[in-house]
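The values are calculated or read from the model by the stated rules, or taken from the named source; none is laboratory data. Predicted model only: the values in this text are computed from it and were never measured. Neighbour counts run over all protein chains shown; Cβ positions are idealised from the backbone, glycine included. In case anyone asks, the SASA skips ligands and DNA or RNA and just uses the protein heavy atoms, side chains included. Shrake-Rupley method; radii C 1.70, N 1.55, O 1.52, S 1.80 Å.
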Amino acid sequence: MVVTDEKFKEQLPDLPKILLKKASELCSVTSIKDCFPCINTIRNYKSEYIFSDIIAGLTVALQTIPQSIAIALVAGLPPSYGLNSAYVSCFMYFLLGPSKDCVISPTTILAVMVSFYVSSYGEAIAVIVTFLSGVIILSMGLLNLGFLVRFVSVPVVNGFVSAAALSISSLQILPLLGMKSGDKNFFSIYGYLFTHLSEIKVYDAILGIGSIIGLLLLQEVKKIEFLPKTLRSYICLSRNATIMCLGICIAFLFTGEDYTGPFALASPITPKFPSFTFPSLSLMSDGVQFEFTDILRILGYSIITLPLVAVLEHTAIVKSFAKGKQVKPTQELFALGMCNLACSLTKTMPVTSSFSRTALNHASGVRTTVGCVVTGTLVLLMITCFEVKYLPKATLAAIIICAVMFLIEPGKILKIWRSKKIDFLVFLVTFIGCLVLGQDLGILLGIALNLCLILFSSAKPDIEFDKEGTSLIVSPKGHLSYSAAEHFKDTITSNIIEGSTNKIVIDGQNISSIDSTIAFVFREMMKDFEQYKCTLVLENWKAKTVGVLCRMDNKFKDLVDNKSPSA
């Protein structure tokens, strides 16, 4: 079989054709329906879905309201910020979100990441962070960059989540015991706790610890068999709202008319319809004006890591509840980005998918994203119609601790250790990095280490050698990139026995691709083999792969084994 130039011609994408096709797709009716899944939801909605969606929406709202209030306090923000974020993101996800189970709302991990900036620069920076997160996530969706999430491995995710859960729980220990401390550092919290034990408020400690016990006991109600199953489910699912209401009642009984009493209380929530305005990209803190460029410098790595964490959480949760259905990563990123942008129009904080609320939505039997509308409506009614006072910080701290304490999964960590020790090192570095350096730098450190390990393994690909008479058969495996060039050359050269090897056969059957650096190395090896009086033969190479060599130097055409089916 004769090797031709046309055979090895590089196939370049037809950009004008691709762009024209994409433009026509964007203007099609199908594309508009895909961009706004609510159109299909409304058109195909059935009457039997109504009851399921209302029940699921009500159930999720009972958990979303107390958790959103508590999460706002974790971020150092008034309760209204958490509630505003919850209802705005619910409505927006109904319009743009394709997953029926997903619940977008504030999460404790994002709250901890934004809390440092709120404590230093005030509430306004939370809105700016929300806006920037929305812009970056939306850009990732429009540019189809959802694949970047694949570079965040399971050990990195587990290290980050475990450290975040531990940090979040630790942050709540002080308000649980009625103590005050502005330090967010994990180690400083315990240092302050053990050196200021005399500052523990007995009433707050009793209420906080009692709230944790109550939450754990209510969770076990589902195991009481003599109660009706439906009743058991709702007692268990509404435990956060139940404990919050009990805490409010207890605080009300012991608090005087002047709003003083034995319990530390959160800011009251007064009924008010939220106003919407474009977020200001500058802020004033302690009499100092910070412009947009100053804010970018202040946020530093968090400009990237916070949206990355939001995308990571959202993608992982959507995949977990897809149940075999196709996940649309571009639409999911588009929806999440728009949720954050919409939230930034009022006093809110960054949002992403909540695992606990999404799981609850799924378990409650939600049928469509109309469940999000029900949840959002109930949260909005809470903001506009009800005045909430006497919110004990100890009870809210207990709700957060019980929400995150089960995020640490010792079983999964043990499986990482058993399966591959180097992956456990990645987990450990991420975990310690997040505790010592903070969540943003910690996750970047874990990702960097993971990528270094990938590069290290790609620099030393698996190469098999077989001797057949005077021929040395070389069988590289997988992808040969520039990082493997020197190792590839040195390994082959070291296996040549001068005088007894006169033919080097490089089997390309398992080589998926090569780059120009590898092609240059092949040219050098071809010259080196002439000194050893060895002949180079390329056997079983795919035309697409060997074409890189042939386009580099025409001499390689004569080295391709003409009997090879790939040639």
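Dimensions of segment 224-372 along the principal axes, based on C-alpha atoms and rounded to the nearest Å, stand at 62, 57, 28, largest first.
For the pair residue 524 and residue 454, a Förster radius of 22 Å applied to the C-beta separation gives a FRET efficiency near 0.25, rounded to the nearest 0.05. When each of the peptides 129-139, 264-274, 207-217 is scored by the mean number of other C-beta atoms lying within 10 Å of its residues, the order from highest to lowest reads 129-139, 207-217, 264-274. Karplus-derived 3J(HN,Hα) values for segment 272-279, using 6.51 cos²θ - 1.76 cosθ + 1.60 with θ = phi - 60°, are 6, 7, x, 9, 10, 7, 5, x Hz; glycine and proline are entered as x. Counting 0.36 nm for each residue step from residue 231 to residue 147 and taking away their Cα separation leaves a gain of 25.9 nm. In terms of its C-alpha gyration tensor, segment 349-413 comes out oblate, because a/c is 1.5 or above while a/b does not outweigh b/c.
Highest mean packing first, where packing is the average number of other Cβ atoms within 10 Å per residue, the peptides 467-474, 282-289 line up as 467-474, 282-289.
Solvent exposure of segment 160-228, expressed per residue, is 53 Å² of accessible area, with all protein chains present and a 1.4 angstrom probe. Rg and Dmax of segment 445-544, based on Cα coordinates, read 14.5, 50 Å. Express as a percent, rounded to the nearest 5, the fraction of DSSP beta bridges in segment 412-518 (both residues included) that run antiparallel. DSSP beta bridges in segment 412-518 are roughly 45 percent antiparallel.
Ranked from largest, the principal axis spans of the Cα set of segment 49-127 equal 47, 24, 18 Å. Ranking 190, 390 from most to least accessible surface, computed with a 1.4 Å probe over the protein chains only, gives 190, 390. Here the Debye sum runs over all C-alpha atoms of the chain as equal scatterers in vacuum, and log10 of I(q)/I(0) at q = 0.06, 0.07, 0.08 Å⁻¹ comes out as -0.42, -0.54, -0.67. One way to sum up the overall shape of segment 385-425 is the equivalent ellipsoid from its Cα gyration tensor, whose semi-axes run 40, 9, 7 Å, largest first. Placing R0 at 30 angstrom, the Cβ-Cβ distance between residue 55 and residue 206 gives a FRET efficiency of 0.25 after rounding to 0.05. List the GluC sites (Glu not before Pro) in segment 185-270 that DSSP assigns to loop (not H, G, I, E or B) and whose Cβ has at most 14 other Cβ atoms within 10 Å. Which are they? Of the GluC sites (Glu not before Pro), the ones in loops of segment 185-270 whose Cβ has at most 14 other Cβ atoms within 10 Å are 225, 257. Put simply, the C-alpha atoms of segment 425-484 give a gyration tensor, and the ellipsoid matching it has half-axes of 40, 10, 6 Å, longest first. DSSP bridge analysis restricted to the chain gives an antiparallel fraction near 50%, rounded to the nearest 5. Summed over qualifying helices (DSSP H, 4 residues or more, each -39500 (n - 2.57)) and divided by its residue number, the chain shows a 222 nm mean residue ellipticity of -19500 deg cm²/dmol.
Of the peptides 522-535, 432-445, the ranking by mean beta-carbon count within 10 Å, highest at the top, reads 432-445, 522-535.
Residue separation times 0.36 nm, minus the C-alpha to C-alpha distance between residue 188 and residue 291: what's the value?
Extending this stretch completely gives an extra 33.9 nm.
With Cα atoms as the point set, segment 388-466 shows a radius of gyration and Dmax of 19.5, 79 Å. Accessible surface ranking for 367, 239, 297, 1.4 angstrom probe, highest first: 297, 367, 239.
Surface composition of the chain: carbon plus sulfur atoms hold 63% of the accessible area, using a 1.4 angstrom probe and ignoring ligands, DNA and RNA. Rolling a 1.4 Å probe over the protein heavy atoms gives segment 291-352 an accessible area of 40 Å² per residue. List the residues of segment 438-457 whose backbone N lies under 17 Å from a point placed 7 Å from the Cα of residue 486 along the Cα-to-Cβ direction. Taking a point 7 Å out along Cα→Cβ of residue 486, the residues of segment 438-457 whose backbone N falls under 17 Å are 455-457. Against the chain, whose longest principal axis is taken from its Cα atoms, helix 239-254 shows a tilt of about 30°.
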